[in-house]
Amino acid sequence: MKLFKILLLIVFTFSISLTANQTSDTKSFKYNLNYKYALAQAKAQDKPLMLVIEEKYCPWCKKLKEKTFANPVINAMIKKDFIVVKLTDGQDDIPNKFYADVFPTVYFINPQNNEFYFKKRGYRSAIKYKKTLIYAMKVHNDR
């Protein structure tokens, strides 16, 4: 009987975990994984390109993705106003002019000329990132 309760608890915990992951994935914006495709998409939609450069085992990259980008306000702003491409240093073909020495590094790029407005290096909380996104849209709209 004790074994049955433990097994039931494990199944219940796993099902809650699975459901939570499905919900967050369906509400989240989608990352592009190809720079040229994302740039063309941003150009066609006249949206700034947001290039996120991360390292495979970077804890701050993971925190940016799971905390800041998962914040409902930040997530909605990104979905509405940006095309996002996520590339991993050392694995993906990152254009040479977009160099990262701190991870994560996020470039905000004008898709019309493939030049960046500015970049943010390192982790930022949702409150700070909201200001960054507002500024990026202002620069994009004022060009």
Answer with yes or no whether Glu66 is closer than 17 Å to Phe29 by Cβ and free of Cβ contacts under 8 Å to residues at least 24 places away in the same chain.
-> yes
If you go through region 18-40 one residue at a time, do you hit one that is at pLDDT 95 or above, under 19 Å from Ile134 (Cα atoms) and assigned by TED's automatic domain parsing to the domain that holds Pro104?
-> no
Determine the pairs where a residue that is within 14 Å of Lys47 (Cβ to Cβ), located within region 71-88, has a partner that is charged (D, E, K, R) with Cβ atoms under 6 Å apart, the partner being 6 or more residues away or on another chain.
-> Phe82/Lys47; Ile83/Lys47
Is region 67-77 home to any residue that is in contact with a Pro (Cβ under 8 Å, 6 or more places away or on another chain) and either hydroxyl-bearing (Ser, Thr, Tyr) or within 16 Å of Gln91 (Cα to Cα) (or both)?
-> no
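With respect to Asn114, determine if the residue is at positive phi, polar (S, T, N, Q) and in contact (Cβ under 8 Å) with a residue 12 or more places away in the chain.
In short, yes.
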If you go through region 96-136 one residue at a time, how many are of a type in the set (Ser, Thr, Tyr) and farther than 26 Å from Lys56 by Cβ?
-> 2
When every residue in region 104-131 that is among the hydrophobic types (A, V, I, L, M, F, W, C) and more than 12 Å from Leu51 (Cα to Cα) is compared, the one farthest from the chain's Cα centre (by Cα) is Ile127
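The values are calculated or read from the model by the stated rules, or taken from the named source; none is laboratory data. The structure presented is a predicted model; accordingly, all values stated were derived computationally and were not measured. With ideal geometry, Cβ positions are generated from the backbone for all residues, glycine too; neighbour counts draw on all protein chains shown.
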